[in-house]
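Data first, discussion second: the structure below is written as structure tokens.
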Amino acid sequence: MAHSKTLPSVRRDRIYTLIKDRQFARVAELSSQFGISEVTVRSDLDHLERRGHVRRVHGGAVLDERPVRRERSFEEESEESAADKLSIGAAAAQMVQSGQTVIIDVGTTSLAVAQAIADRDDLVDVNIVTNGLNIAAAFEPVTSRFTVVVTGGTLRPLQHSLVDPFGGPVLERINADILFLGCNGVHATKGVTNVNLPEAEMKRKMMAAAFRTIGVADGSKVGQVSVAWVCPIDQLDLLITSNSAPQEERDLLIEQGLEIVVV
């Protein structure tokens, strides 16, 4: 039996090694083997899950072997779940009011949001702030009613996005009403994640500039985890997703207090 006074970092490494060897371990079994309480075991497993090493299941934990998603081009992403993204965009657009300042993040679902907002001929005097070149272009035909501000920064051609260096100063000088935040993963315990680090940093700056953050993600993103952490779930005010999102994952998000609109 391992001594209960073993350093937590050492004990967690040993727990991870055991789970990696056996693929699954029960809380009671780990408590007995390592001479610690079941409360401490659960805390260790939560820590390992946040690091992406294990996945919590009823009664214990299993090795987390879910692959980290690679970054695909905007054009590749746009071909998937197209109908879902249009529905999400339509729902998001209804949350915008005339006179507001709205930040729109990059991504294919975000572009659907932008197009749906631009199509609303009842909106006037709306300020749009974005780091997406294609999103800014979506508002070109309606600039008589919208003011469009592009953040500036360094171009990432894969997503037609602008990031640091020089991507953040505009965001430090505004107070927006709403941010529509795109992402590659929404997970109950690992939070909102993205497939690349530069855009994740921009997302955090956008959140700091907005009074309300609304996540927009089609159902394939719900329950997924990508490499770059953006924020915990409790920093989202609302998630708009599609009916293709796994019900079990939706329930876990709701248990964390997240309000979800399913379209």
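The values are calculated or read from the model by the stated rules, or taken from the named source; none is laboratory data. Here the structure is a predicted model, which is why all the values come from computation and not from measurement. In this analysis, Cβ positions are derived from the backbone assuming ideal geometry, glycine residues included, and neighbour counts consider all displayed protein chains.
Summary of computed values
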read-out	value
Output for the stretch 206-218, where each listed residue is outside any loop (DSSP other than H, G, I, E, B) and surrounded by 20 or more Cβ atoms within 10 Å (Cβ to Cβ)	Met206, Met207, Ala210, Thr213, Ile214, Gly215, Val216
Filter result for Val106 (at pLDDT 90 or above, assigned to a loop (DSSP other than H, G, I, E, B) and touching a strand residue (DSSP E or B) at 6+ places or on another chain (Cβ under 6 Å))	yes
Single residue of Glu199, Glu172 found to be more than 24 Å from Glu259 (Cα to Cα), under 13 Å from the mean Cα position of the chain (by Cα) and of a type outside the set (A, V, I, L, M, F, W, C)	Glu199
Test for Ser98: is it crowded, with 19+ Cβ neighbours inside 10 Å and either in the same structural domain as Val186 (by TED's automatic domain parsing) or within 23 Å of Ala208 (Cβ to Cβ) (or both)	no
Candidates Thr130, Thr154, filtered to the one that is hydroxyl-bearing (Ser, Thr, Tyr) and either under 26 Å from Glu248 (Cβ atoms) or at pLDDT below 95 (or both)	Thr154
Among the candidates Val186, Val148, residue that is within 30 Å of Val54 (Cα to Cα) and part of a strand (DSSP E or B)	Val186
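Yes/no per residue for (1) touching a Phe, Trp or Tyr at 6+ places or on another chain (Cβ under 6 Å); (2) of a type in the set (D, E, K, R); (3) surrounded by fewer than 24 Cβ atoms within 10 Å (Cβ to Cβ):
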residue	(1), (2), (3)
Ile104	yes, no, no
Gly107	no, no, no
Arg120	no, yes, yes
Thr130	no, no, no
Asn134	no, no, yes
Ala137	no, no, yes
Ser144	no, no, yes
